[in-house]
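Data first, discussion second: the structure below is written as structure tokens.
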Amino acid sequence: MTDLLLRQAKLVPLGAPRDVRAPKADEPQDILIRDGQIAQVGQSLEPTPESFIVDAEGRWAMPGLWDQHVHMTRWSLSLNRLDTSGVSSPQDTLDLVQAAIARGEANTPTGFLTGWGHRSAQWERQPNVAELDAVTGSVPVVLISGDGHHGWLNTAALQRLGIPLRDGIIEEDEWFDVYALLDGLPGATTEAEAGVQLAVDVARRAGVVGIVDLEFSGSWEQWPLRFAAGCGPLRVRTGVYAGRFPEILATGRRAGDVIPGSDGWATQGPLKLISDGSLNTRTAWCCSPYAGAEHLAYPLGRPNFSKEQMLDLVAQAHQAGLHTALHAIGDAAVAAALDVFATTGATGSIEHAQLLQLADLPRWAKLPVTASVQPAHLLDDRSVTEQCWPDRTDRTFMVRGLLDQGIKVALGSDAPVAALDPWLAMSSAVHRGEPGAPPGIQSKP
Ligand SMILES: [Zn+2]
């Protein structure tokens, strides 16, 4: 096999004990890569006749990046969807939808017009089905919120999907079931898969070599087919939700075991449980009420599972040698998640952890539980955080505070909630803003 000799690359230092290969981090080195592995690092390495030489001219070299939280099918679909992230009212959205239908954007393989990105928590009123029907007529329209936790559907879409008719949006558990209905539409697979290779290419160009795919459908079934069709290369850990968890248990696969048919590129990922809601939908489960929560049915948000259900599922995963990825956004949900990990002895991650009780951090540090956070959310959610959690912004979207406590932190995007862009995630984590922008909400300690 041909060697790759990378000339004059500066190595990003990765913590003291591993620096043996980097005598001086800022001094450019040559890197010899043989059979896909780093064989040698040093000054003026000798090429062999077959060496393929690339001069890095002093650029930085670092290991490939992982995105710890991706919904790949949703992300690839979002690349081709009506972008509703800029709207600020139901009327804005209706104007956008009407214009898209006029441009023929509903001529999709499924015949549906799908939008993605609106954030209605700050709207003066909640949207309704009748006003959407008025601009769409018989074209089925599905508008997915930017946090993925609710959908605003018109009557044509409700009818085509066999969902009971209603006046308002569909949220949380009832909404999560709609993803499967959308996936089952004739033409849906064609629509989704067309975007996957594009999404993979974009991720790879950003330095991403692996993702944890927490897609709602069976990503362990999808990836072998994608690889067979020439998609990749990309390493993937495939997660599973409670609904199809028994199928994974029946395979006997443990965390990290290779997914059959994937040629080693895909491995068994975690059981994913969505233990509470989201900030934007104001369903994340908190210790104290949302600001202005008087009219909400659940002023604290609420858990999606009973404690017994959570303990049972997480214990089953642990006994089967699987990790659990527990979605918990509100501080009450994070506390409950820590209880479940402590009681079961299970390993895994808490996903999101957007609001924390500071008193929970020391006990978290003692558990084998990673904080899997998506720093770019703090940009999208800056104003909604100030509106909904004005009394506790100092405990939101913590990253430094987690590290200082000795909690292992892994970064991700939750694409399509934020773009699958590790550089945006790192910039948000470090500067709490877009590159070059003024800092956002500050968290202490
Ligand atoms: Zn997610």
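Remark: pairs (first residue in the stretch 129-148, assigned to a strand (DSSP E or B); second residue of a type in the set (Gly, Ala, Ser) and more than 16 Å from the ligand (Cβ to nearest atom); Cβ separation under 6 Å; 6+ apart in sequence or on different chains) = Val141/Ala157; Val142/Ala157; Leu143/Gly115.
For the list (1) more than 30 Å from Glu386 (Cβ to Cβ); (2) open to solvent by 10 Å² or more (accessible area, probe 1.4 Å); (3) more than 16 Å from the ligand (Cβ to nearest atom); (4) among the hydrophobic types (A, V, I, L, M, F, W, C), I need the number of the one condition that Cys287 fails. Unmet for Cys287, out of (1) more than 30 Å from Glu386 (Cβ to Cβ); (2) open to solvent by 10 Å² or more (accessible area, probe 1.4 Å); (3) more than 16 Å from the ligand (Cβ to nearest atom); (4) among the hydrophobic types (A, V, I, L, M, F, W, C): (1). Has the stretch 269-277 got any residue that is part of a loop (DSSP other than H, G, I, E, B), touching a residue at least 12 places away in the same chain (Cβ under 8 Å) and polar (S, T, N, Q)? Taking every residue of the stretch 269-277 in turn, at least one turns out to be part of a loop (DSSP other than H, G, I, E, B), touching a residue at least 12 places away in the same chain (Cβ under 8 Å) and polar (S, T, N, Q). Close Cβ contacts (under 6 Å, 6 or more residues apart or on different chains) running from residues in the stretch 214-234 that are farther than 25 Å from Thr324 by Cα to residues that are open to solvent by 60 Å² or more (accessible area, probe 1.4 Å) and in a loop (DSSP other than H, G, I, E, B) comprise Phe227/Trp265. Please go through the stretch 229-239 and give me each residue that is of a type in the set (A, V, I, L, M, F, W, C) and either surrounded by 12 or more Cβ atoms within 10 Å (Cβ to Cβ) or in contact with a helix residue (DSSP H, G or I) (Cβ under 7 Å, 6 or more places away or on another chain) (or both), ordered by number. Result: Cys231, Leu234, Val236.
Considering (1) away from the ligand (no atom under 14 Å from the Cβ); (2) open to solvent by 30 Å² or more (accessible area, probe 1.4 Å), the lone condition that Val208 does not fulfil carries the number (2).
Of all residues assigned to the stretch 175-182, none qualifies as being of a type in the set (Gly, Ala, Ser) and under 16 Å from Asn128 (Cα atoms). Here Ser427, Ser413 are screened, and the one residue that is assigned to a helix (DSSP H, G or I) and touching an Asp or Glu at 6+ places or on another chain (Cβ under 8 Å) is Ser427.
Of all residues in the stretch 162-189, those being open to solvent by 30 Å² or more (accessible area, probe 1.4 Å) and over 23 Å from Asp276 (Cα atoms) number 9.
Restricting attention to the stretch 271-282, the residues that are open to solvent by 10 Å² or more (accessible area, probe 1.4 Å) and more than 12 Å from the ligand (Cβ to nearest atom) total 3.
Residues in the stretch 380-410 that are without any contact (Cβ under 8 Å) to a residue 40 or more places away in the chain and either buried (at least 17 other Cβ atoms within 10 Å of the Cβ) or assigned to a loop (DSSP other than H, G, I, E, B) (or both): Lys408, Val409. When each of Arg125, Arg205 is tested for being more than 21 Å from Val240 (Cβ to Cβ) and without any contact (Cβ under 8 Å) to a residue 12 or more places away in the chain, the lone residue that passes is Arg205.
Just one of the listed residues (Gly146, Gly137) is open to solvent by 10 Å² or more (accessible area, probe 1.4 Å) and small (Gly, Ala, Ser), and it is Gly137. Selection over the stretch 79-133 of residues that are hydrophobic (A, V, I, L, M, F, W, C) and either in contact with a Cys (Cβ under 6 Å, 6 or more places away or on another chain) or surrounded by fewer than 15 Cβ atoms within 10 Å (Cβ to Cβ) (or both) gives a count of 3. Counting residues in the stretch 416-429 that are without any contact (Cβ under 8 Å) to a residue 60 or more places away in the chain and over 19 Å from the mean Cα position of the chain (by Cα) gives zero.
Restricting the search to the stretch 133-177, which residues are in contact with a helix residue (DSSP H, G or I) (Cβ under 8 Å, 6 or more places away or on another chain) and within 16 Å of the ligand (Cβ to nearest atom)? Matches in the stretch 133-177: Ser145, Gly146, Gly148, His149, His150, Gly151.
Restricting attention to the stretch 134-151, the residues that are over 22 Å from Gly86 (Cβ atoms) and either hydroxyl-bearing (Ser, Thr, Tyr) or in contact with a strand residue (DSSP E or B) (Cβ under 9 Å, 6 or more places away or on another chain) (or both) add up to 2. If you go through the stretch 353-377 and pick out every residue that is open to solvent by less than 10 Å² (accessible area, probe 1.4 Å) and assigned to a strand (DSSP E or B), you end up with 5. When we screen Ala242, Ala315, Ala250, Ala336 for residues that are buried (at least 19 other Cβ atoms within 10 Å of the Cβ) and either under 29 Å from Thr396 (Cα atoms) or not charged (D, E, K, R) (or both), the only hit is Ala336.
When we screen Ala317, Ala337, Ala333 for residues that are part of a helix (DSSP H, G or I), within 16 Å of the ligand (Cβ to nearest atom) and touching a residue at least 60 places away in the same chain (Cβ under 8 Å), the only hit is Ala337. Working only within the stretch 62-103, note down all residues that are among the aliphatic types (A, V, I, L, M), within 16 Å of the ligand (Cβ to nearest atom) and in contact with a Gly (Cβ under 9 Å, 6 or more places away or on another chain). Selection gives Val70, Leu77. Within the set Ala371, Ala346, the sole residue that is farther than 25 Å from Ser145 by Cα and modelled with pLDDT of 95 or more turns out to be Ala346.
The values are calculated or read from the model by the stated rules, or taken from the named source; none is laboratory data. If you're wondering where the values come from, they're calculated on a predicted model, not measured in any experiment. Positions of Cβ are backbone-derived with ideal geometry, glycine not excepted, and every protein chain shown enters the neighbour counts. Only protein heavy atoms, including side chains, enter the accessible area calculation; ligands, DNA and RNA are left aside. Shrake-Rupley method; radii C 1.70, N 1.55, O 1.52, S 1.80 Å.
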